[in-house]
Amino acid sequence: MPPAFHAITTGLLNGLLFFALLAVIVRIVLQWRGGAPRSPLAVAADQTALWAVVVGVLMSLAAIITGFTIWAPSAAINSPVMRNKLLTAALMLVTYLIFLGIRWMLGESLWRSKVVSAFYGVVALAGFHWSMVTSSIGGDIAGIPSGYETIVQLSGVETRFTYYLPTWTLIVIAVLSIAMLAIALTDRESAESRADRAEEPARG
């Protein structure tokens, strides 16, 4: 298969994911400004982000398939740069599956909480970041680097060599993970206490 097919699929993929990110930002801005939650623009932005990511996930699978028609699996296994490209592509796919999982579990109710909607936006931003890193590494392999991978290098990771995380980055990830678990447990306990207080008048 000509390499142009892979370039086309990745270009469409990045366009869709960028469009989804813009839609999420618009919806968050409307929420924070106190706009009507059921206004036409708010509903359109929410649905646009959802379906752009759904199509984007399918397009990412097409990008992976067309990529393997250019580079054999053996080349991906033996090349550090190709392994990095596969890793960042996997991170992108997992991030957007988390994005869709949040939307599927919470539905439109996620927009009732500024904290949850902000986290939803961060997930969208993270997914788009990894899609750009993946495409940038691919461009570097093709001899037309975009330079976007330098953002990853700021975290201490060199995309041209075997992917690893410096100790300080692992510490930051561990601290953030513990903090997120603590927030989740605290929020659950507060929700249960609110539910108990709501049931007390009914019992009386």
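For this structure, a couple of remarks:
- The set of residues from the stretch 35-70 being of a type in the set (Gly, Ala, Ser) and modelled with pLDDT of 90 or more comprises 44, 45, 49, 52, 56.
- Residues (free of Cβ contacts under 8 Å to residues at least 12 places away in the same chain and in a helix (DSSP H, G or I)) located in the stretch 78-111: 78, 86, 90, 94, 101, 104, 105, 106, 107, 109, 110
- The single condition from (1) farther than 30 Å from residue 140 by Cβ; (2) exposed (fewer than 11 other Cβ atoms within 10 Å of the Cβ); (3) of a type outside the set (Ser, Thr, Tyr); (4) modelled with pLDDT of 70 or more that residue 176 fails is (1).
- Some residue of the stretch 139-162 being in a helix (DSSP H, G or I) and either at pLDDT 85 or above or within 30 Å of residue 39 (Cα to Cα) (or both): no
- Within the stretch 2-30, tally of residues that are free of Cβ contacts under 8 Å to residues at least 12 places away in the same chain and part of a helix (DSSP H, G or I): 7
- Hits in the stretch 93-114 (condition: among the small types (Gly, Ala, Ser) and under 17 Å from the mean Cα position of the chain (by Cα)): 101
- Residue tally, condition crowded, with 16+ Cβ neighbours inside 10 Å and more than 18 Å from residue 91 (Cα to Cα), over the stretch 111-138: 2
- Hey, residue 118 at pLDDT 80 or above and either polar (S, T, N, Q) or part of a helix (DSSP H, G or I) (or both) or not: yes
- Residue within the stretch 32-54 that is within 27 Å of residue 141 (Cβ to Cβ), buried (at least 16 other Cβ atoms within 10 Å of the Cβ) and not hydrophobic (A, V, I, L, M, F, W, C) present: no
The values are calculated or read from the model by the stated rules, or taken from the named source; none is laboratory data. Quantities reported herein were computed from a predicted structural model and do not represent experimental measurements. All Cβ positions, glycine included, derive from the backbone under ideal geometry; neighbour counts span all protein chains shown.
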